[in-house]
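Every number in this text was worked out from the coordinates using simple rules, so none of it is lab data. These figures come from a predicted structure and were not determined experimentally. Here the Cβ positions follow ideal geometry from the backbone for every residue, glycine too, while neighbour counts run over all protein chains shown.
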């Protein structure tokens, strides 16, 4: 079964979407490698805004049901239930046509994956980086989105690369951060990897 991921992010330009696509592809490389070993086709589409990702996913679900289509978006807030219910309540999205294991969240935002690996951020930003400004709690999904961004701003503003910017820095950071650290501190990241591994290896999903 071919896997197609529709991902929130990349801004409005084709160039910025292509750049972020390289980053998220690098972050998901362990899954990409497994898919190649199983000779499964794999694609990832950076859609820009979350509404665009939702619409692209719905279109794919309707027009290409033979694929395992995946929606991957920020939760934007604390998640108290399953992803479909969260997005239905928060965004008024109709995801009844999708399986639960096709809908995935970056909780509360993709940057949670980045701050899960302070060592990688320190190497990237180098001199002036303030690791002490980053959240220390193990469960980063409990950290509000606004606080994640504030922490990144405070940690990076004295560096030569300047304050963190999604378009400017996210792709490069996604190629550097540890997937294992992100999975250990972000349960929905672990869920994404677990579900896609089950699909790649034809194991009945239990997540």
Among the candidates 141, 180, single out the residue that is out of contact with any strand residue (DSSP E or B) (no Cβ under 7 Å at 6 or more places or on another chain), touching a residue at least 24 places away in the same chain (Cβ under 8 Å) and closer than 13 Å to residue 114 by Cα.
141
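Among the listed residues 97, 120, which satisfies the condition of being within 18 Å of residue 178 (Cβ to Cβ), in contact with a helix residue (DSSP H, G or I) (Cβ under 9 Å, 6 or more places away or on another chain) and in contact (Cβ under 8 Å) with a residue 12 or more places away in the chain?
120
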Assigned to a helix (DSSP H, G or I) and within 18 Å of residue 95 (Cα to Cα): which single residue out of 19, 80, 61 fits that description?
61
When residue 105 is run through (1) within 16 Å of the chain's Cα centre (by Cα); (2) in a helix (DSSP H, G or I), the failure sits at (2)
Please verify whether residue 36 is more than 23 Å from residue 186 (Cα to Cα) and touching a helix residue (DSSP H, G or I) at 6+ places or on another chain (Cβ under 9 Å), treating the condition exactly as stated.
no
